Amino acid sequence: MSALDEGHFNAELENGVKLNRLDLGIQDQPETVAIEDAVKVLLQGLGEDINREGLKKTPLRVAKALREGSKGYKQRVKEIVQGALFPEVGLDDAVGQAGGAGGLVIVRDLDLFSYCESCLLPFQVKCQIGYVPSGQRVVGLSKLSRVADVFAKRLQDPQRLADEICSALHHGVMPAGVAVVLQCLHIQFPNIESLFLDSNHQGWVKAVVHSGSGVFENELADVWGDFLSLLKFRGIKLDRTQMKDSVQQCWCPSRYSSSAKVIGPPNRGMVTAVTSILSSLGEDPLRKELVGTPSRFVKWLMNFQSPNLEMKLNGVACGRMDPLKQNGEEQIHTELCLSFWSQCEHHLLPFYGVVHIGYYCAEETTPLSKSLLQSIVHFYGFKLQVQERLTRQIAETVSSLLGGDVMVVVEANHTCMISRGIEKFGSSTATIAVLGRFSTDPAARAMFLKNIPNPASGGS
């Protein structure tokens, strides 16, 4: 019997989509309902119609994503490690360390995500764990990943995350020592005003943190040298003499970037709604690290308030300019790698990437300026969006300026692909819109597509 036929494992929904039974029933739990109500307040604060298609189920989707991303509060390390400790002797007669008595064990490149306690945006984590067994026993390797995930699935700060993973493994496994190194990436989401002034916005804040216990407490110990040498094979270069300065005191961009300076004081009702979300996740909103979080989140979210964006193009929006008159022989003109930032209306999580635009332009005609096309991209990006609609809207607007023949490709990374149950790290999504001649001419499409750079080559 195939997995799709196992009725006892899946439940059939009225629309034919199958979900794991673990997801069923969560929507009726008080915490989920409270988060849903709070999300409705946030959407209404943005001026959105919570009953429009695309947003009707957003409160529930957001509630489920947040609860999935904070399930670590209800998990216990002891329950994970217990029963996963296995006897393993050390060396018989030789001098040295190996096996269950002193041989260094490293698990590398564990992909995790966590929610930043300062702004509630997800951040990515590449986790490296090493431990030195003692007592002639070892722990099942998968348990190292599961313990790390317990603490990642909480509102976190990189250094505290590393310390909690290290401490939990030390007390749960009782080894001679534990070392944890985390490479963290936090999205640095701009506001629309700053993007119109600076199109070269740097989209990420990076931090490398570490924690050690037992034989790893001394950062100059030889065992750290062995551990870090093996990490170098994964491209991690962390010098022991620099480890103490490897992370900023305030790494979250919301605490120091211009995106925290948006449009006056935040809406009180929206701030109260975010505070209730924190409580529903099992957190204490009065914890000192969380006191300013609701206000910071609301200020960030207000970037996507649609009414404030309608004037940004000053007459460039669809239908407000006469199409450019095309005279003479035409050729395909391209504008590649226009950056965009947007907010998924299904999960209220960021997605970002690049836009490539191709269009026919007569030799005697001045092509559309890059700044104009970038403005169109930002105009449609800074709204609650879906990628398919974003692609279509950009294509239609450019087409209205040119009279028809346009092709648009949008390449994006979606935070919702890593920060929910699916957790597909490294995935990306491409969407295409073709208008006019591009819709009927495969050769024209191929000519445009071959000009799009490979991200691995650094073109985007």
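Just so it is clear, none of the values below were taken in a lab; they were calculated from the coordinates. Quantities reported herein were computed from a predicted structural model and do not represent experimental measurements. All Cβ positions, even for glycine, are placed from backbone atoms using ideal geometry, and neighbour counts span all protein chains on display.
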Just to be sure I understand the model, the point goes 7 Å from the Cα along the line to the Cβ. What's the resulting Thr429 to Asn218 distance in nm? 5.2
Among 266-274, 209-217, the order from most to least packed when residues are scored by Cβ within 10 Å on average: 209-217, 266-274
Radius ratio Rg over Rh of segment 125-166, counting only Cα atoms, Kirkwood formula for Rh: 1.01
Just order 386-399, 39-52 by mean Cβ neighbour count inside 10 Å, highest at the front, would you? 386-399, 39-52
Could you tell me the center-to-center distance, by alpha carbons, between segment 47-80 and segment 142-156 in angstrom? 18
Packing-based order for 439-447, 345-353, using average beta carbon neighbours within 10 Å, highest first: 345-353, 439-447
